[in-house]
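Since the structure comes first, as structure tokens, the remarks are kept for the end.
The values are calculated or read from the model by the stated rules, or taken from the named source; none is laboratory data. The model shown is predicted, which means the values in this text are computed figures rather than measured ones. For neighbour counting, all protein chains shown are included, and Cβ atoms are generated from backbone atoms with ideal geometry for every residue, glycine included. For accessibility, only protein heavy atoms count, side chains too; no ligands or nucleic acids. Shrake-Rupley method; radii C 1.70, N 1.55, O 1.52, S 1.80 Å.
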Amino acid sequence: AVTEHFTLNFTITNLMFTTDLQTPNSRKFRSSEKIMKHYTDSLLQKSSIGPHFTGCRVTGFRSGRHRDDTNVDAVCSYKDSASPARFDRENLYQELSTMTNNVTKLGHYSLDRSSLYVDG
């Protein structure tokens with residue numbers, strides 16, 4: 001099986017962006033990274049790629065359009081075993097949309113409804 005990657009991006013509307021979120025070694029970055037990894041991993045394990053899913057890595061946090069917005073960038077991986085169940089980013093987007101209450105909730109975080117992006 002070959003490991004494949006895809007990007008996952010979304011915006012949290014109730015996590016105020018601060019400069020320490022840009023610093024990978026800061027406590028705020030590490031803490032937020034751990035929380036986002038937990039939420040993204042648990043969602044993706046429940047999705048159609050779940051049996052092949054191997055994890056996500058938060059690659060960064062960016063300032064959003066509004067003061068309280070934080071954009072989250074992640075790279076996620078799965079094992080492609082050349083089975084008929086191929087990665088379908090549109091299907092995965094729909095699944096994630098449903099699992100996040102139409103892109104509004106991720107755990108105790110609120111999401112910008114137009115921010116979810118899956119790129120394979």
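Scanning region 43-78 for residues that are over 12 Å from the mean Cα position of the chain (by Cα), farther than 21 Å from T19 by Cα and either assigned to a loop (DSSP other than H, G, I, E, B) or of a type in the set (V, I, T) (or both) yields a total of 8.
Would you be able to say whether some residue in region 27-37 is charged (D, E, K, R), touching a helix residue (DSSP H, G or I) at 6+ places or on another chain (Cβ under 7 Å), surrounded by 13 or more Cβ atoms within 10 Å (Cβ to Cβ) and without any contact (Cβ under 8 Å) to a residue 60 or more places away in the chain? Within region 27-37, one or more residues are charged (D, E, K, R), touching a helix residue (DSSP H, G or I) at 6+ places or on another chain (Cβ under 7 Å), surrounded by 13 or more Cβ atoms within 10 Å (Cβ to Cβ) and without any contact (Cβ under 8 Å) to a residue 60 or more places away in the chain.
When S115 is tested against (1) farther than 26 Å from S26 by Cα; (2) open to solvent by less than 70 Å² (accessible area, probe 1.4 Å), exactly one condition is not met: (1).
For region 90-120, the set of residues classified as among the small types (G, A, S) and not in a helix (DSSP H, G or I) consists of G107, S110, S114, S115, G120, listed by residue number.
For region 1-31, a tally of residues being closer than 17 Å to A74 by Cβ and among the polar types (S, T, N, Q) returns 6. Restricting attention to region 1-19, the residues that are crowded, with 16+ Cβ neighbours inside 10 Å and part of a helix (DSSP H, G or I) add up to 0. Screening region 54-104 for residues that are of a type in the set (F, W, Y) and open to solvent by less than 40 Å² (accessible area, probe 1.4 Å) and picking the one that is nearest to S26 (Cα to Cα) gives F61.
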